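**Q** Below is a structure I'd like to ask you about.
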Amino acid sequence: MGAGDGAAEQSRLAAERVARLKRRLDQAEHSTKALDAGAAGAEVVADKLSELVPRGWYVLHDVHWPGRPKANLDHVLVGPGGVVVVDSKNWTGEVRVASGVLWQGRYARTQAVEGALAQCAAVASVLSPPHRRLVRPLICMAGQPDIFGVTDSDVAVAGSQRVVGAIEALPAVLDQQAVVGLYEQLGQQLTHEQEPGITALRNVSPGTVVRPAGALPPAGRQPGQRAGVAPGARTGAPGGSARRGRNAKARQRGGTSGAALALLAVFVIFAVYILPYLGH
């Protein structure tokens, strides 16, 4: 092989590396945008769900998915209508429920429905058998505020403007004392960072236990008394711990993605401007 052939081969290999690096760069950028959109959608849904607090509901945000250490649940609510596991989505385009199927454009999103059912089953698994049947799944669409429908598998799909009404319309199955007890149990099972009894209201001083109007305090605790916290657990204003946790995760993901993008950019520059000369 002559010197010219060697240079041509080096150029071809360099071009292939550049193409691969560009594809990875595009994938990283797309992933970062999707994560940012998802976090924004979860914030919109969290703000709407906070409207349920004065109406007898407790809210947990960004909690652990039982049995999946690296996965999270967007929102878990406990109230008169039972336990509702809300998976927030921030999809673009036309979203609808037709013939019992969730669609985004012309694609059936059966995986999202199956995911909502799996989240519901995971939460039910940490409850006692009599309460497991009270857990319901719901997908909330931040970008399609007026959508509402129910799939064949009994997963409700509600837009951000209809989710409060959909949850309030659930028939009452729990009294106030049962609601408080279930909330305390789920707060202990699903998170060690969010203090049981803390809800999604803003502008409440740290350590304050906020309950829906008329709710009974847990046994052995006086109204307004600080709830017990496990050693080393972090506490904060209602919704603040969850939001800080979500924002910290978003910043961590953003920092990791930014570093990866910078590294890929260095590789591209090396492959385009330096590597071809090494073959001479």
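Any read-out appearing in this document is the output of simple, stated calculations on the displayed coordinates, not a laboratory observation. Everything numeric in this text was worked out from a predicted model, so none of it was measured. Please note: Cβ atoms are built from the backbone with ideal geometry, for glycine as well, and neighbour counts cover all protein chains shown.
**Q** Between R132 and R96, how many nm apart are label points set 7 Å from Cα along the C-beta direction?
**A** Once both label points are built, they end up 3.8 nm from each other.
**Q** Let me ask something else. Just to check I understand the Karplus step: with θ = phi - 60° and J = 6.51 cos²θ - 1.76 cosθ + 1.60, what whole-Hz values come out for region 68-75, glycine and proline as x?
**A** Here the 3J(HN,Hα) series is 9, x, 9, 10, 10, 9, 5, 8 Hz.
**Q** Another question, then. Which whole-Hz couplings ³J(HN,Hα) result when phi for each residue of region 167-174 is put into the Karplus expression 6.51 cos²θ - 1.76 cosθ + 1.60, θ = phi - 60°, listed in order with x for Gly and Pro?
**A** 6, 5, 6, 5, x, 5, 10, 10
**Q** Whose amide H sits under 5 Å from the amide H of G143, counting only residues 5 or more places off or on another chain, with H placed in the peptide plane?
**A** W91
**Q** Quickly work out the Q161-to-A118 label distance, labels modelled 7 Å from Cα along the C-beta direction, and quote it in nm with one decimal.
**A** 3.3 nm
**Q** Subtract the Cα-Cα distance of Y107 and R12 from 0.36 nm times their separation in residues, and report this length gain in nm to one decimal. The partial results should precede the final answer.
**A** Values: separation 95, 0.36 × 95 = 34.20 nm, distance 3.86 nm.
Extra length from Y107 to R12 when fully extended: 30.3 nm.
**Q** By how many nm would the segment from A71 to A169 grow when fully extended, if each residue of separation counts as 0.36 nm and the alpha-carbon distance is taken off?
**A** Result for the pair: 32.3 nm of gain on full extension.
**Q** Okay, moving on. Counting other beta carbons within 10 Å of each residue's own, what order do S153, S99 fall into, fewest first? Show your work: numbers first, answer last.
**A** Working: S153 14, S99 9.
Fewest-to-most ranking of S153, S99: S99, S153.
**Q** Most exposed first by the Cβ proxy, i.e. fewest other Cβ within 10 Å, how do D62, D47 rank?
**A** In increasing order of surrounding Cβ atoms, one gets D47, D62.
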